[in-house]
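The values are calculated or read from the model by the stated rules, or taken from the named source; none is laboratory data. Being a predicted model, the structure only gives us computed values, none of them experimental. Virtual Cβ from ideal backbone geometry, glycine too; neighbours counted across all protein chains shown.
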Amino acid sequence: MQPRLAIRKDPARVLAVHSGHTYEPSDATLLHIKTFLLDRYAVPDDLALQVLTHKSFAAGMKPYNEKLSTLGSKLANLFLGKYVLEHRTHNDTAVAGMNLDVLGTPMAKELAGRMALGVFAKKRDLSRVMFWKSYNHLLSFEASGELKVSAQMVYAMIGAVAFVHGKAAAEAFVREKLLSGPDSIEHIAAEFLARS
């Protein structure tokens, strides 16, 4: 009996995505993430490529963003919890002038949620180049899984900034890049909650 051989595929096809981008640390591949991070929050090219790579890509053979995403998720949730508490209150149940009840509100929960971060990535064109495998790219943003993968990529970006520059820089990054402007996660979360 002969041993089973793995199906061999052309590496060029395996390491490419439907958008036409190939898995490599090239200017074309990393343009959007480098432009978004700028010099202040820059990460090495290999780490930026890892931020853009989901574990579904190339059967997990390339470094993927799962651990960076976990780090970024924890940091984002902690920082955004502190962020919603920044607004002083005169509520009778306030503790040291802070209304801890806001931590359980839909807005506080949605700020670091998958919907806000995924839509943010799409609006800011960060999800244009991501390395992942979808069963059907013709489906909607949510149904194809792009929303989930985009949100995970944003978490991974926060994690990469924390890994390279530290927690304080990552918190500044979230405040400056995700919480400012018309496409901020706060506006996206408010729009989503208004429609719900």
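What number of residues within region 169-196 are free of Cβ contacts under 8 Å to residues at least 24 places away in the same chain, within 17 Å of LEU38 (Cβ to Cβ) and in a helix (DSSP H, G or I)? Qualifying residue count for the region: 2. Would you be able to say whether some residue in region 121-144 is surrounded by 15 or more Cβ atoms within 10 Å (Cβ to Cβ) and in contact with a strand residue (DSSP E or B) (Cβ under 7 Å, 6 or more places away or on another chain)? Yes, region 121-144 contains a residue that is surrounded by 15 or more Cβ atoms within 10 Å (Cβ to Cβ) and in contact with a strand residue (DSSP E or B) (Cβ under 7 Å, 6 or more places away or on another chain).
Can you name every residue in region 108-141 that is in contact (Cβ under 8 Å) with a residue 24 or more places away in the chain, in a loop (DSSP other than H, G, I, E, B) and not aromatic (Phe, Trp, Tyr)?
Scanning region 108-141 gives ALA112, GLY113, ARG124, ASP125, VAL129, MET130, LYS133, SER134, HIS137.
Answer yes or no as to whether VAL51 is surrounded by 16 or more Cβ atoms within 10 Å (Cβ to Cβ), under 24 Å from LYS167 (Cβ atoms) and modelled with pLDDT under 90. So VAL51 fails the test. Please tell me if MET98 is surrounded by fewer than 19 Cβ atoms within 10 Å (Cβ to Cβ), touching a residue at least 60 places away in the same chain (Cβ under 8 Å) and more than 18 Å from the chain's Cα centre (by Cα). Against the criterion (surrounded by fewer than 19 Cβ atoms within 10 Å (Cβ to Cβ), touching a residue at least 60 places away in the same chain (Cβ under 8 Å) and more than 18 Å from the chain's Cα centre (by Cα)), MET98 does not qualify.
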